[in-house]
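J.: Have a look at the structure that comes next, please.
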Amino acid sequence: MYLQRIRVKYMEPCFADTKKIRLKAEFPRDVSELLPYMNAVIPNAVYTQQGPFLSFTKEFRLITVYPGELTVIKAINSTDAYQILEWLRELMNDIYDQRSSITPSYDMRRRPSILALFQLLPQDKYNCGQCGERTCLAFSLFLWSGEQKLENCHPLVEPQYLEEKKALQDLLGHK
Ligand code: SF4
């Protein structure tokens, strides 16, 4: 079996939503070779060859797979976190078993940069703190990682920011 187990290194509350869980876990082997196959199979995967690492969402949870470890952000609770790890382990084992019939993909689907998100935030409300973060840059970072929601930047609902809000929604893939 490609992955016998995935070992949790730590679990702690998410920064932005302390009712949810973030965790880091480690693989018993280097999984770099599997990332292009996962990239080909997982529909919303974002693959970065330099690294390498692969990120994707499972509903609202953000999962990032590195060669030797992975992170999960926004698991509902510890039970959900362990279920996600087991789901991922089975998925990776299936992909490994079927790799001869999968064409690996090295396509790097684009993901917005943190700076691109930051530049669209209301500049005249710079670091106002209404989102619960101390700075707009921190908000951009958590927005990028999936730990913040766009609607938490309250100034963005003001009509003068309609275009920026729409651009942010487009970048983040919101409908
Ligand atoms: S509410 Fe918006 S403008 Fe204010 S600090 Fe947060 S991200 Fe910046």
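The values are calculated or read from the model by the stated rules, or taken from the named source; none is laboratory data. These numbers were taken from a predicted model, which means no experiment stands behind them. Cβ sites come from the backbone with ideal geometry, for glycine too, and all protein chains shown count toward neighbours.
J.: Restricting attention to the range 115-132, report how many residues are buried (at least 18 other Cβ atoms within 10 Å of the Cβ) and more than 8 Å from the ligand (Cβ to nearest atom). Lay out the reasoning, then the answer.
T.: Filtering the range 115-132 for residues buried (at least 18 other Cβ atoms within 10 Å of the Cβ) gives 117-118, 120-122, 131.
From what's left, more than 8 Å from the ligand (Cβ to nearest atom): 117-118, 120.
Residues flagged as buried (at least 18 other Cβ atoms within 10 Å of the Cβ) and more than 8 Å from the ligand (Cβ to nearest atom) within the range 115-132 amount to 3.
J.: In this structure, is GLU86 assigned to a helix (DSSP H, G or I) and acidic (Asp, Glu)?
T.: Spelling it out, GLU86 is indeed assigned to a helix (DSSP H, G or I) and acidic (Asp, Glu).
J.: Here is a further query. Restricting to the range 45-82, what's the tally of residues that are part of a strand (DSSP E or B) and not acidic (Asp, Glu)?
T.: 20
J.: Quick one: would you say TRP87 is modelled with pLDDT of 90 or more, within 18 Å of the chain's Cα centre (by Cα) and either within 16 Å of the ligand (Cβ to nearest atom) or in the same structural domain as PRO52 (by TED's automatic domain parsing) (or both)?
T.: yes
J.: Mind checking which pairs have a first residue in the range 108-129 that is assigned by TED's automatic domain parsing to the domain that holds PRO43 and a second that is of a type in the set (Asp, Glu) and more than 8 Å from the ligand (Cβ to nearest atom), Cβ under 7 Å, 6 or more apart or different chains?
T.: Pairs found: none.
J.: Can we say LEU62 is within 16 Å of the ligand (Cβ to nearest atom) and either within 30 Å of VAL157 (Cα to Cα) or loosely packed, with under 13 Cβ neighbours inside 10 Å (or both)? Don't jump to the end; show me each part of the working.
T.: On the way: within 16 Å of the ligand (Cβ to nearest atom): no; either within 30 Å of VAL157 (Cα to Cα) or loosely packed, with under 13 Cβ neighbours inside 10 Å (or both): yes.
For LEU62, the condition - within 16 Å of the ligand (Cβ to nearest atom) and either within 30 Å of VAL157 (Cα to Cα) or loosely packed, with under 13 Cβ neighbours inside 10 Å (or both) - is not met.
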